[in-house]
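Below is one structure, written out as structure tokens; comments come after it.
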Amino acid sequence: APQLLRRVDRRKVPWCIRASLNVVPPDGLADVICDFGEERHSRRVARAIVKTRDGAGVPSKLELACIVRRAIRHRGHARIDPATRTFQALRIWVNGELDGLTAFLRSAVHRLQMGSRLVVISFHSLEDRIVKHTLRELEQIGEIALRVLARRPPRPGPVSYTPLTRPTTHAVYI
């Protein structure tokens, strides 16, 4: 997240989405939604949230979802709810979900024994991108010699498909 958003020490303040929406400036909120939710309409969504926050206070989850849906004008049927990306971005930011991933990968790779495999399961493209970039960087500087076993992540078949498996991908490295 941008440095602008790191001013509040999460160890001293009970951090939740409602608290974060109270303190984050409009540009910072738009950056969070864009960076962590990969939302093209992040500025429009942030403006709508801030306008509501400044008027009636921080909205509830249901109200927030309605605000996001109104801000993102979509035509026809959307595959996923328009508010999903915004909620994903807020969750990742507040929980710091991506903070330790690079350090973990570096540590895990150095602990592998010869002939071992590393399987990484990612739940969204942000995690997937960090995994690929980190492992590629380690390979280029010569710290490790990895070979990708599964270039294309397997997709769940019709029998094993559940809504929880929709976003998951995994890659196998040796």
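The values are calculated or read from the model by the stated rules, or taken from the named source; none is laboratory data. Since the model is a prediction, treat every value here as computed from it, not as a measurement. Here the Cβ is made from the backbone with ideal geometry for all residues, glycine too, and neighbour counts use every protein chain on show. Note: areas computed on protein heavy atoms with side chains; ligands, DNA, RNA excluded. Shrake-Rupley method; radii C 1.70, N 1.55, O 1.52, S 1.80 Å.
What the table below lists for this structure:
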item	result
All positions within region 99-125 that are part of a strand (DSSP E or B), open to solvent by less than 40 Å² (accessible area, probe 1.4 Å) and either farther than 27 Å from ALA89 by Cβ or among the aliphatic types (A, V, I, L, M) (or both)	LEU118, VAL120
Residue match in region 126-137 (condition: farther than 30 Å from LYS61 by Cβ, open to solvent by less than 40 Å² (accessible area, probe 1.4 Å), hydroxyl-bearing (Ser, Thr, Tyr) and modelled with pLDDT of 85 or more)	yes
Checking ARG85 against (1) farther than 28 Å from SER122 by Cβ; (2) basic (Lys, Arg); (3) part of a helix (DSSP H, G or I), the condition it does not meet	(1)
Verdict on ARG44 being over 20 Å from the mean Cα position of the chain (by Cα) and closer than 17 Å to ILE67 by Cα	no
Selected residue [within 15 Å of LEU29 (Cβ to Cβ), of a type in the set (Val, Ile, Thr) and in contact (Cβ under 8 Å) with a residue 24 or more places away in the chain] from VAL94, VAL68	VAL94
Matching entry among ASP81, ASP99, ASP54 (being acidic (Asp, Glu), at pLDDT 80 or above and more than 23 Å from ASP35 (Cα to Cα))	ASP54
Verdict on ILE174 being surrounded by 11 or more Cβ atoms within 10 Å (Cβ to Cβ) and modelled with pLDDT under 70	yes
Given (1) assigned to a helix (DSSP H, G or I); (2) among the hydrophobic types (A, V, I, L, M, F, W, C); (3) over 20 Å from the mean Cα position of the chain (by Cα); (4) under 14 Å from ARG18 (Cα atoms), index of the condition ALA65 fails	(3)
